[in-house]
Amino acid sequence: MNYDTMTWILLIIMGVVLLTPSVLLTVYYFTRVRKKRPSYYGKKTSAILRQYGTIRRFKVIDHLQLNDDKEIVVIPHLLIGYFGILLVSTLDRRGSYFGDAKSAKWVYDDSKFKENIPNPYQENQQAILKIRSLLSKNKIYNVPIEQLIIYDSYAKKSSCFVGSDVPVLRLSKLKGFLQKAKFDKDNGLDVEKIYNLLLQEGTLVEASGQNAARSK
């Protein structure tokens, strides 16, 4: 083996050694860190809601904070249409979720890490009560409001074991869910009025992961 060949081999080995950490970090980012960022699922969900709502003259609000003297509630996503209001929150990490409608906490487990998290269903219900209270104060009644909890589309990596009374759905099925007839029903809502009222009474905040409801 001559000198030039040996030099090239050494250069290639050095290049592989230098590139390997970068490759590993990139793979880790896209498979673990990126999937755990609150903005990842939130942006995907928001995009689907906006695509659906735009052609129907519906309105979408992302990350709306409502507060009074006792409590602050942050609502991830709202779809406001003639059918009513759909509140959507997201489970922002790959893994398994265990819970039900009544438990104060759910369990998150990705096989390497396990922790208790606030019950997103109860947080959403709390946000719905806050919205109804605001609408009632402004003499807006009989507005259908429901909630939906979105989780990861990758079946081999994520699952959600909750009761049948908890509305959960994989992100990949959201578009199909919005095609249900109930979203085409006209319940006589003034979409612009409700949209402007919520923006006027609330504050738009940055994405912060799970739904948040806390006392002052």
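The values are calculated or read from the model by the stated rules, or taken from the named source; none is laboratory data. None of these values were measured; they are calculated from a predicted model. Note that we place each Cβ from the backbone using ideal geometry, even for glycine, and neighbour counts take in every protein chain shown. Just so you know, the surface numbers come from the protein's heavy atoms only, side chains and all, with ligands and any DNA or RNA stripped out. Shrake-Rupley method; radii C 1.70, N 1.55, O 1.52, S 1.80 Å.
In table form, for the structure just shown:
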item: Residue ID - most open to solvent (accessible area, probe 1.4 Å), chosen from residues in the range 46-73 that are in contact with an Asp or Glu (Cβ under 9 Å, 6 or more places away or on another chain) and under 29 Å from SER96 (Cβ atoms); result: HIS63
item: Residues satisfying the stated conditions in the range 195-210, i.e. open to solvent by less than 50 Å² (accessible area, probe 1.4 Å) and more than 22 Å from the chain's Cα centre (by Cα); result: LEU197
item: Candidate set: the range 95-132, residues that are open to solvent by 50 Å² or more (accessible area, probe 1.4 Å) and part of a helix (DSSP H, G or I); chosen: the one nearest to LYS59 (Cα to Cα); result: ARG132
item: Where a residue in the range 99-125 is of a type in the set (A, V, I, L, M, F, W, C) and its partner, wherever it lies, is surrounded by 15 or more Cβ atoms within 10 Å (Cβ to Cβ) and part of a helix (DSSP H, G or I), with Cβ under 6 Å and at least six apart; result: ALA101/TYR121
item: Residue, modelled with the highest pLDDT, within the range 53-108, restricted to residues that are on the phi > 0 side of the Ramachandran plot and out of contact with any Pro (no Cβ under 9 Å at 6 or more places or on another chain); result: ARG57
item: Verdict on LYS43 being closer than 28 Å to LYS156 by Cβ, at pLDDT below 95, open to solvent by 10 Å² or more (accessible area, probe 1.4 Å) and in a helix (DSSP H, G or I); result: yes
item: Residue within the range 115-126 that is modelled with pLDDT of 95 or more and over 28 Å from ASP68 (Cα atoms) present; result: yes
item: Checking ASP92 against (1) in contact with a Gly (Cβ under 8 Å, 6 or more places away or on another chain); (2) assigned to a loop (DSSP other than H, G, I, E, B); (3) surrounded by fewer than 19 Cβ atoms within 10 Å (Cβ to Cβ), the condition it does not meet; result: (3)
item: The one condition in (1) over 26 Å from VAL73 (Cα atoms); (2) open to solvent by less than 30 Å² (accessible area, probe 1.4 Å); (3) among the acidic types (Asp, Glu) that ASP152 fails to fulfil; result: (1)
item: Residue in the range 16-24 that is part of a helix (DSSP H, G or I), modelled with pLDDT of 65 or more and under 13 Å from the mean Cα position of the chain (by Cα) present; result: no
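Per-residue answers, yes or no, for (1) assigned to a loop (DSSP other than H, G, I, E, B); (2) surrounded by 12 or more Cβ atoms within 10 Å (Cβ to Cβ); (3) at pLDDT below 95:
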position	(1), (2), (3)
ILE140	yes, yes, no
LEU148	no, yes, no
LYS157	yes, yes, yes
VAL166	yes, yes, no
